[in-house]
Amino acid sequence: MKIWLGGARGSFAVSGPEYGRHGGDTFAMLVEGQDGAQLLLDAGSGVRRLLSRLRADYVLYFTHTHLDHLLGLPLLENKWPRQLVLPRGDLAATLARVFSPPIWPVTLSTADYSVPAMQAAVGGLVIRWHEVAHPDGCVAYRVDEPATGESMVVATDCEWPAMAPAAQESFVKFAHGADLLVFDAQYLPEEYPAHRGWGHSTWADAVAVAQRCAAKRLWLIHHKPKRTDAELAALGAAAAAVFPGATVPVPD
Ligand SMILES: [Zn+2]
Ligand SMILES: [Zn+2]
């Protein structure tokens with residue numbers, strides 16, 4: 001399983017020299033199985049870094065449809081996915097609201113927008129999902145590749161403290177043993193009280209989840225938009241001091 005990160009910023013895209021290392025793009029991630037099957041997770045502005053890698057038959061799974069996760073969708077117009085999936089709600093109807101003049105001059109392209117069963121397969125990749133706490137709802141995805149035994153879980157937008165103990169326990173079972181956990185780390189612990197209910201976690205929450213899930217590695221993502229490279233380095237160091245497998249990934 002290969003993973004490319006297109007963008008890791010949350011909420012909105014930024015630019016400037018202080019964001020040079022970690023980039024200013026919002027979330028998009030490409031997962032490729034050993035058989036070449038490709039799964040694009042979300043379509044934030046980071047899809048522009050992934051465009052050249054996309055093959056004709058890739059599929060796109062959305063965690064949810066907040067703007068920062070579909071901002072890059074117009075970039076895919078000439079390389080549209082064969083299937084677009086959101087496990088909850090009517091994805092085609094939602095996207096058609098965005099792809100509608102005068103918001104955007106192009107209407108929504110034809111594709112398969114159907115919702116698969118609770119478990120789906122893209123080539124040799126097996127995909128499952130789990131609801132997480134976030135305004136308007138959001139799902140986390142688990143991708144397993146039985147042929148290699150590799151696994152990853154991505155929870156882009158998740159307010160861990162807002163999940164009831166039973167929901168947390170259910171998530172821990174869902175994500176257990178993942179080789180890589182990619183988790184919302186938008187806030188510093190001291191920032192969280194002023195942002196309770198905004199739908200995001202702290203790096204300390206992400207570390208606690210990784211430990212409970214016995215994940216091997218942790219990628220801290222969905223950065224607060226104006227978090228600079230220097231601040232992200234400090235955040236990553238603080239997390240790694242508690243959980244050595246934690247890093248703030250650099251987009252590809
Ligand atoms: Zn987001
Ligand atoms: Zn969101």
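Tell me the label-point distance for the pair D229, K79, using the 7 Å Cα-to-Cβ offset, in nm and rounded to one decimal.
Result: 2.5 nm between the two label points.
With every protein chain kept in the model, how would you rank F183, F12 by accessible area, 1.4 Å probe, largest at the top?
Details: F183 0, F12 110 Å².
Heavy-atom accessible area, descending, gives F12, F183.
If I ignore ligands, DNA and RNA and count only protein heavy atoms, how much of S15 is accessible to a 1.4 Å probe, in Å² to the nearest 10?
100
Under a point spin-label approximation (7 Å from Cα along Cα-to-Cβ), what is the Q34-K2 distance to one decimal in nm?
1.5
Label region 82-193 by shape, choosing from rounded, prolate and oblate, from the square roots a ≥ b ≥ c of the eigenvalues of the Cα gyration tensor; if a/c is under 1.5 it is rounded, and otherwise prolate applies when a/b is larger than b/c, oblate when it is not.
In terms of gyration-tensor shape, oblate.
Rounded to the nearest 0.05, what FRET efficiency do R128 and S15 have when you use their Cβ-Cβ distance and R0 = 35 Å?
Working from the Cβ atoms, E equals 0.50.
Could you rank T107, T156 by how accessible they are, 1.4 Å probe, largest area first?
Working: T107 95, T156 0 Å².
Ranking T107, T156 by accessible area, largest first, yields T107, T156.
Let me know the shape class of region 5-78, please: from the alpha-carbon gyration tensor, a ≥ b ≥ c as square roots of the eigenvalues, rounded when a/c is under 1.5, otherwise prolate if a/b is greater than b/c, or oblate.
Verdict is prolate for region 5-78.
Treat each spin label as a single point 7 Å out from the Cα along the C-beta direction, and report the A241 to V115 distance in nm.
4.4
When we measure straight from the Cα of K173, which lysines land under 26 angstrom away, once same-chain ones fewer than 8 places off are left out?
Once the sequence-local lysines are set aside, what remains near K173 is K2, K216.
Going by average Cβ density within 10 Å per residue, which order do the peptides 139-148, 115-124 take, highest to lowest?
139-148, 115-124
If you average the alpha carbon positions of region 6-41 and of region 162-188, how far apart do those two centres end up, in angstrom?
Taking the Cα centre of each part, region 6-41 and region 162-188 sit 20 Å apart.
What FRET efficiency would be calculated for the residue pair R212, T107, taking the C-beta separation as r and a Förster radius of 45 Å, to the nearest 0.05?
0.50
Residue by residue through region 42-50, which ³J(HN,Hα) values in whole Hz follow from phi under the Karplus form 6.51 cos²θ - 1.76 cosθ + 1.60 (θ = phi - 60°), with glycine and proline marked x?
6, 9, x, 4, x, 4, 4, 6, 9
Which far-off residues, 5 or more places away or on another chain, put their amide H under 5 Å from the one on C138, with H placed in the peptide plane?
The answer is V132.
Peptides 188-197, 67-76: what's the order by average Cβ count within 10 Å, highest mean first? Write out the running numbers ahead of the final one.
Numbers: 188-197: 11.9, 67-76: 21.0.
Ranking the peptides 188-197, 67-76 by packing returns 67-76, 188-197.
Which of the listed residues, Y141, A240, G36, is farthest toward the dipole's positive end in region 2-247, when Lys, Arg count +1 and Asp, Glu count -1 at the beta-carbon?
The residue sitting most towards the positive pole is G36.
Taking the Cα centre of region 2-247 as origin and charging only Cβ (+1 Lys, Arg; -1 Asp, Glu), how large is the dipole, in debye to the nearest 20?
Numbers: 21 positive and 25 negative charges, 58 e Å.
That gives a dipole near 280 debye.
Calculate one ³J(HN,Hα) per residue across region 122-132 by plugging θ = phi - 60° into the Karplus curve 6.51 cos²θ - 1.76 cosθ + 1.60, and present them in order as whole Hz with x for glycine and proline.
10, x, x, 9, 9, 10, 10, 9, 8, 5, 10
The values are calculated or read from the model by the stated rules, or taken from the named source; none is laboratory data. Note that the structure is predicted; figures quoted are calculated from it, not measured. For neighbour counting, all protein chains shown are included, and Cβ atoms are generated from backbone atoms with ideal geometry for every residue, glycine included. For accessibility, only protein heavy atoms count, side chains too; no ligands or nucleic acids. Shrake-Rupley method; radii C 1.70, N 1.55, O 1.52, S 1.80 Å.
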